[in-house]
Amino acid sequence: MSRLTITGLKKDFDDVCAVDNLSLALEDREFMVLVGPTGCGKSTLLRLIAGVEDEDGGHIYLDGVRLNGIPPGRRGVQLVFQSYALWPHMRVFDEKKYSNLSFALKIRRWLPGILNDRAQDVMRRLGISKKWSRRRPDSLSAGQQQKVAIGRAIAIPPQVFLLDEPLANIDPVARLEVRKELRRVHDEIGAVSLLVTHDLTDAFQIADRIAVMRDGVIVQVDTPENLINHPANSFVESFFTSVHHERLLQEFRARRKARKTEPTPDSP
């Protein structure tokens, strides 16, 4: 069981306040999507949770344990960057050498047989072809690189899964496929997931709840349905005016209904 709680978080860059006394709570196994205008602090928030930026104030808790000051590699948090940040000189997977999919496993000294089984399982679940294994990132398409980046992040299942604009550089056809994979991977690993996007269609089709951010603060957190029908203020109302409401809401309701009828990962 994982629950992420953020209280009074603050981050300044010189005279710019990127995150301003922000509080947010994500429930166990929740997939939350974070939306807001460019420059409102969304990516900075992810980096603070992951520990790659140091906060200037406030607290971050995972299951009641304070994460402030804990190194990124020991937080149980994985961050997938928009740029993918794959190791350019490493192949997708090599069971004998360091590679993008085996790196985290090797530095933790996993036994070769167990390491290979784990990597093969990740590749199978994400549809990473064995033909890609010997290739380096620069010979892969954007969609293929994205899958490898996600695979690297979940090689050791995280408690918190952070994704910064993971679909921004992917063509429309691959976008639909990867969007489904993100939701499926989230459900399988049972993590708390927080995804940043500018695309409201992505948000509606992936999220359990959506958090709306503006000027470093969270303005409203709610289901897509309530954000449209009961906006907290005129900013939230205007933010969703461009969305094809009825179609997306129907898809959201259908997805929610389907998940309620599925067995949980802990079910026999």
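Could I get the Rg over Rh figure for the range 1-149? Both from C-alpha atoms, Rh via Kirkwood, rounded to two places.
1.02
Using the Karplus curve 6.51 cos²θ - 1.76 cosθ + 1.60 with θ = phi - 60°, work out ³J(HN,Hα) for each residue of the range 199-215 in order, rounded to whole Hz, and write x for Gly and Pro.
8, 5, 5, 4, 4, 5, 8, 10, 6, 7, 9, 10, 9, 9, 10, 8, 6
Calculated FRET efficiency, Glu181 and His59, Cβ-Cβ r, R0 41 Å, to nearest 0.05?
It comes to 0.80.
Label points 7 Å out from Cα along the Cβ direction at Ala232 and Asp14: separation in nm?
3.0 nm
Residue separation times 0.36 nm, minus the C-alpha to C-alpha distance between Arg124 and Arg136: what's the value?
Full extension of this stretch gives 2.5 nm more.
Bin by bin, in steps of 5 Å, what percent of the Cα pairs in the range 93-209 do you find, going until the bin that has the longest distance?
With 5 Å bins starting at 0, P(r) equals 2, 11, 23, 23, 20, 13, 6, 3, 0.
What aspartates and glutamates sit close enough to Lys97 to cross-link, taking a C-alpha to C-alpha distance under 20 Å and skipping anything fewer than 8 places away on the same chain?
Asp117, Asp121, Asp138
Quick one: which of Lys96/Lys130; Lys147/Lys180; Lys96/Lys131; Lys11/Lys147; Lys42/Lys257 span more than 22 angstrom between C-alpha atoms?
Correct reply: Lys11/Lys147; Lys42/Lys257.
Give the Rg/Rh ratio for the chain, taking Rg as the radius of gyration of the Cα atoms and Rh as the Kirkwood radius, to two decimals.
Rg divided by Rh gives 0.96.
I need the calculated FRET efficiency for the pair Glu27 and Val173, taking r as the beta carbon distance and R₀ as 41 Å, to the nearest 0.05.
The pair Glu27/Val173 has a calculated efficiency of 0.80.
So what are the ³J(HN,Hα) numbers for the range 73-79, from phi and the Karplus equation (6.51, -1.76, 1.60; θ = phi - 60°), rounded to whole Hz, Gly and Pro as x?
Taking θ as phi minus 60°, the curve returns x, 10, 8, x, 10, 10, 10 Hz for the range 73-79.
None of the figures in this text is laboratory data; all of them are computed from the coordinates on show. The structure displayed is predicted, hence computed values, not measured ones. Glycine also receives a Cβ, built like all others from the backbone with ideal geometry; neighbour counts cover every protein chain displayed.
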